[in-house]
Structures are given as structure tokens and as C-alpha cells.
Amino acid sequence: MGKIAGLIFTAVATGIVVAVVKGKKAPPPPPPPPPSDTPVPLMDMIDSTYFGFPGLLYPGSNLAPEGHDLAGLDFASQVQPLSATGIFSPAGKIVLMSVGYSNTQGYFANYGSDSGPKAAFPTPESFIGQANAHPSVNHLEVAFACGAGGGKDSYEWDQPTDPPYGFAEDNELGKLGLTEAQVQAIWLQGVIASPEAGHGLLTIPQSLITPGLTYVQALTAALGDTLRAIRVRYPNCQQVFLSSVNYTGYQPGTSTLQPDLYAYECSFAHKWVIEAQINQMAGKGIDPVAGDLSYPAAAPWTAWALDLWANDGIARSDGLFWLPGDFVGDFIHPGPLGVEKVGGRLLDFFLTSPYTSPWFKV
């Protein structure tokens, strides 16, 4: 019996399997995945979990499953210019609107101002500023409205009668000559302001939220409520695209405004609300936390735009990283460099995604 054959026979007989390549041992296996309590960007959690919760943007993948994907393509084909009353018109508009808090406002339009019609004054580095200057954007039909604003966390958007919707109607849409009936796509960021605990997945706080829910579960519920409010407020909205919270770990150790572990864990709330819709439409029932998200009746079709969390200066697989210079003095809100970074990535998403390019791009 040859040397290699003898080794294989012995390994099989003893139950010990030794990889052999040309008579030599194979390279050692890759290191084990990081501990389950180590934050890893969702998109890079291929072989790891976080406290037992699996990552990746969609169930088991960074791509939407087939049924959700096909539905997204179908809803994209239904986006068309609408008149002020919501009827197809070649002279109408397709409104892409932001919903969220101060960071959403900053990335989308004009960071640093929360008075007046923000979408009328986009800074050049913001998403609107970059989109207005880009030759491939469908400037003839697509219009932008910045509904997001400072202090408007997810509890400010979870009912269709909440004041931010009225502010957006009067000061963003109305002053731009647009109507709620023309809103057909929304970029949404969710957050709960000033969480009491660093870990939203593990800690049950004592106030501010529904008793018995962790912060991340509460944000999941608030996002579900927001999607249902959007359906009521904007009856022609076909698509909602989510982005999670950016890195906040450069704050001084004494700051508790937005702990980075909570910022990281907010990614799971956005992931879970999308999965709840996917599972419900696949016949797996209504998620008890996110609630009814059936489309188009209860909520618009919902998917990821960008997960914005990356572990400080460590580039994740798509190249996103954060540096102190991306933020203003509180290291939570983006400065011009951070606005430009996210604004550019968001513009690239809308130009290249098959769910948006049919109507966003010329």
C-alpha cells in the first residue's frame, strides 16, 4: 500500500480525517468567527452571530429572496409621474421623500438647519445636492422632499396624524409645489432618542417604550407602525428604503446620548422589520412585534437602501468606514465629510439598484 493511500486508510479506520494534498497537510482552517458579543457589520456576518442573532441584510443573504425581489421590481415599474391629485400625468412628478431624524435630514438635504423648508436649500455635499448635479438623474420627473428633521425619532412618525407629517406637507411638499399624493418612494431611518441602555437586544428599559420590549424590539415595532402610517399618509407610495444608524463610538466615554452598541443594534431592528414583511408575504404569519406589513394594503414594499454602521476606521467589505472628521463635535451628527460620504452612497444606490433605477435614472 502506498504512503498516501495508507494514510487515508488509517484516517478512515480510526475516524480521524486528515486532509492530504500531494502528500502534505492542507493549510490550517480559518480562525473561528469572532465571539458572539463582538459587533460585526450586518453585511459581513457570514459565519457569526450577535448574541445568537444571525446577521446579513436579508434572511441568510445580502440579497433579497426571490419573492421579495420580484415584488420590488414590480413596484418599481409602477412608479410614474403623478399629478397633484395622484393621477398619471406626463407633466407630473415622482417625489422621493426622507423620513427620520436629524442625521437623516443632514444626509438627505442640508445638515445643521432645522427651520424652514430644508429641501429648498440642499448643501452640495448632501444627497439632494449631489443628485441635483448628477447628469444621470431623471431631473425632469423626480423631485425631492426632506421630511426628516431634528428630534423626530421613530415615535414622531409612527402615527399618520403625527406633527412631522403635517410639517412635511406644509413646509417641504407644499412650498415646493408638491403634494402627498405624489410621494411614491421614501428613504427612512429609524431610531429611538437617548436610549437608557447600551444594549438594546438584551436590556429591558423601564420607561419610554412598550413595557416588556427591549429597545431594539421597540424600534422594530415603531418602524412597523411608521410603515403603516406611511401607507395612510402617502397612498401612492410604492417603495420604502431603510438605512440604519451610523457609527457613534467616537463620543467621549461619559456620553450616553447615543451609545454605539445601541447604534449598532439598531441595524437589527431595520433588518427585522424587513424580514417580518418577507416572512408574512411568504405565508408565515404576522410578526407579533412588527405587526401587519402586507403590501400593498397595510404597508409599502420595504427593502434596504444602506446599512450605515461600520466599526470606526475599519473598512467593511464594501469599503465603508468612519473617522472622527466625518462628524461634528458631538461625534453623532455628521459633518460635511460624513454627509458627502453617505449622500454619495445613497445616490449610487438610487442610480444602480434595479428597484429604483427604472424611475430615478434617465
Just checking, which of Ala145, Ala168 is among the aliphatic types (A, V, I, L, M), outside any loop (DSSP other than H, G, I, E, B), in contact (Cβ under 8 Å) with a residue 24 or more places away in the chain and touching a helix residue (DSSP H, G or I) at 6+ places or on another chain (Cβ under 6 Å)? Ala145
Return the residues of region 41-90 that are surrounded by 14 or more Cβ atoms within 10 Å (Cβ to Cβ), of a type in the set (Phe, Trp, Tyr) and over 23 Å from Tyr262 (Cβ atoms); say none if nothing qualifies. Phe75
Take Ile278 and decide whether it is open to solvent by 40 Å² or more (accessible area, probe 1.4 Å) and within 15 Å of Thr220 (Cα to Cα). no
Here is a check on your reading of the model: is Pro358 modelled with pLDDT under 95 and open to solvent by 50 Å² or more (accessible area, probe 1.4 Å)? no
Kindly establish whether Lys93 is charged (D, E, K, R) and modelled with pLDDT under 95. no
On the given criteria, is Asp348 open to solvent by 10 Å² or more (accessible area, probe 1.4 Å) and more than 26 Å from Asp74 (Cα to Cα)? no
Which condition breaks for Tyr295 when tested against (1) open to solvent by less than 60 Å² (accessible area, probe 1.4 Å); (2) farther than 27 Å from Pro81 by Cβ; (3) not basic (Lys, Arg)? (2)
Flagged pairs (Cβ under 6 angstrom, 6 or more apart or on separate chains; first in region 65-89, over 15 Å from Gly177 (Cα atoms) and in contact (Cβ under 8 Å) with a residue 60 or more places away in the chain; second among the aliphatic types (A, V, I, L, M) and part of a helix (DSSP H, G or I)) are His68/Ile278
For residues in region 206-254 being of a type in the set (Val, Ile, Thr), closer than 30 Å to Gln78 by Cβ and open to solvent by less than 10 Å² (accessible area, probe 1.4 Å), which is modelled with the lowest pLDDT? Thr220
Do the conditions hold for Leu308, that is, is it touching a residue at least 12 places away in the same chain (Cβ under 8 Å), over 25 Å from Gly67 (Cβ atoms) and touching a strand residue (DSSP E or B) at 6+ places or on another chain (Cβ under 8 Å)? yes
Residues of region 299-344 satisfying the condition of being in a loop (DSSP other than H, G, I, E, B) and open to solvent by less than 20 Å² (accessible area, probe 1.4 Å): Ala299, Pro300, Asp307, Leu308, Trp309, Ala310, Leu320, Trp322, Ile332, Gly335
Take Tyr165 and decide whether it is within 21 Å of the chain's Cα centre (by Cα) and either of a type in the set (A, V, I, L, M, F, W, C) or open to solvent by 50 Å² or more (accessible area, probe 1.4 Å) (or both). no
Condition first: outside any helix (DSSP H, G or I), surrounded by fewer than 19 Cβ atoms within 10 Å (Cβ to Cβ) and either at pLDDT 95 or above or of a type in the set (Lys, Arg) (or both). Now tell me which residues in region 103-136 satisfy that. His134, Pro135, Ser136
Only unsatisfied item for Pro30, checking (1) open to solvent by 50 Å² or more (accessible area, probe 1.4 Å); (2) at pLDDT 95 or above, is (2)
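The values are calculated or read from the model by the stated rules, or taken from the named source; none is laboratory data. Because the structure is predicted, anything quoted here is derived from the model rather than measured. Using ideal geometry, Cβ is built from the backbone for each residue, glycine included, and neighbour counts are taken over all protein chains shown. Quick note on the areas: whole protein, heavy atoms, side chains included, nothing else; ligands and nucleic acids left out. Shrake-Rupley method; radii C 1.70, N 1.55, O 1.52, S 1.80 Å.
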